[in-house]
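Note sheet for the following structure.
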Amino acid sequence: MSPETNPDDSRSGDVRAAAREKARQLRTSHQRKERRRRLLIGGGITVGVIAVLAIVAVVLVSAIRPPVPGPKNMASDGVVVGSGLKVKTTTALAPDAQPVANTPDPKASTVDIRIYADYLCKLCGDFQRTNLEQLEPLVKDGAVTVEMHPVAIYTSHSAGTKYSLRAANAAACVANYSPNAFWKFNASLFEKQPAEGGPGLTDDTLKQRAAASGAGKTSEIDSCIDDGRFKSWVTTASDRALSGPIPNSDVSKMTNALLVLVNGKPYTGSLTNADDFKAFVLQAQGDQYTSTATPTPTPTATPTK
């Protein structure tokens, strides 16, 4: 007769089997979690590597991008506007070439005014709005030449839009493709000047201002503004002004966003009083007449017979 089966032993076996199954399920779940974790880490590394490679590619493309020549009619880093508001024409500077300073004729009676200005700078706008109207007829008549140097010093002061750089680039585009519209275009950027710290004008508005200034070749100018063709040149020209020296003057370098020179002498008077600047110009003109006047011959004694 076979021995009787103990019920307690049967229940104990069931418990052990259930425990083994539970342990197996836990191991399986843990293994799956580990596989997912490794996959996520691997994927993250892959994405990170791709992102780094993309950044490197952008840097390399930027580094090997061929340098762009400077704009035509700005070989001095500025636009010289003379009689009839016509621009002095010059060829484009080769990439990395040094500017060729415009040297006024010391024997001429024309007063040479050079203005270095940032299109976002409020003080620059104050000076331009105060004085461009009285300067315009003097330039038209050939009594004065004005050499405008657009600089981008307040590039970081426009809520991330880099307006100073974009506006100076647009001015270079107009100088390059439609130079005789430059005077009006330059004035338009100061007449309705955006506030410092704001986003500045959009590229579309810059294009509209160029067209309203009578610029021709608007499709070329629009394309030039869109692709920022002369931005690298603007940056380099601005750096030259900030590091100095300033040609044909005793000024070592620009120290703020506005520099006005009259026959090489810096103007330090009021920026909102037209009479102050007019007096400074007249004084420079008087000094020029004195220094270039033909000396009166000294009478010689008549020999006695």
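Fully extending the segment from K33 to L123 would add 25.9 nm, taking 0.36 nm per residue of separation and subtracting the current Cα-Cα distance. Lys and Arg at +1, Asp and Glu at -1: add these up for the other residues within a Cβ distance under 13 Å of F230 and post the number. Local net charge: 0.
The simple spin-label model puts a point 7 Å past each Cα toward its Cβ; for S232 and D276 those points are separated by 4.1 nm. Taking K207 as the anchor, which aspartates and glutamates have their alpha carbon closer than 17 Å to its alpha carbon, excluding any fewer than eight residues away along the same chain? The qualifying aspartates and glutamates are E191, E220, D222, D226, D227. K253 sits among other residues whose Cβ lies under 13 Å from its own Cβ, and their net charge, with Lys and Arg +1 and Asp and Glu -1, is -1.
Measuring from a point 7 Å past the Cα of E133 along Cα-to-C-beta, which residues in segment 260-274 have an amide N at less than 14 Å? Taking a point 7 Å out along Cα→Cβ of E133, the residues of segment 260-274 whose backbone N falls under 14 Å are 272-274.
A simple count of charges around T91, restricted to other residues whose Cβ falls under 15 Å of its Cβ and scoring Lys, Arg +1 and Asp, Glu -1, yields +1.
Counting 0.36 nm for each residue step from K140 to S252 and taking away their Cα separation leaves a gain of 37.2 nm. In this structure segment 170-215 gives 38 Å² per residue of accessible area when probed at 1.4 Å with all protein chains present. Across segment 172-184, computed HN-Hα scalar couplings (Karplus, 6.51 cos²θ - 1.76 cosθ + 1.60, θ = phi - 60°) run 5, 4, 5, 4, 6, 9, 8, x, 6, 9, 5, 4, 5 Hz from first to last residue, x flagging Gly and Pro.
Expressed as a whole percent, the accessible surface of segment 182-259 that belongs to carbon and sulfur atoms is 49, based on a 1.4 Å probe. Taking a ≥ b ≥ c as the square roots of the eigenvalues of the Cα gyration tensor, an a/c ratio of 1.5 or more together with a/b no larger than b/c marks segment 54-191 as oblate.
Among the listed pairs K86/K278; K88/K253; K88/K278; K88/K184; K72/K231; K231/K265, a Cα-Cα separation exceeding 18 Å is found for K86/K278; K88/K253; K88/K278; K231/K265. Packing-based ranking of 221-233, 98-110, 118-130, 167-179 yields 167-179, 118-130, 221-233, 98-110, ordered from highest to lowest mean Cβ neighbour count within 10 Å. Taking a straight Cα-Cα cut-off under 28 Å and skipping sequence neighbours fewer than 8 places away in the same chain, the lysines within cross-link reach of K22 are K33.
The values are calculated or read from the model by the stated rules, or taken from the named source; none is laboratory data. Please read these numbers as outputs of a predicted model, since none were measured by experiment. For neighbour counting, all protein chains shown are included, and Cβ atoms are generated from backbone atoms with ideal geometry for every residue, glycine included. With ligands, DNA and RNA removed, areas are computed over all heavy atoms of the protein, side chains included. Shrake-Rupley method; radii C 1.70, N 1.55, O 1.52, S 1.80 Å.
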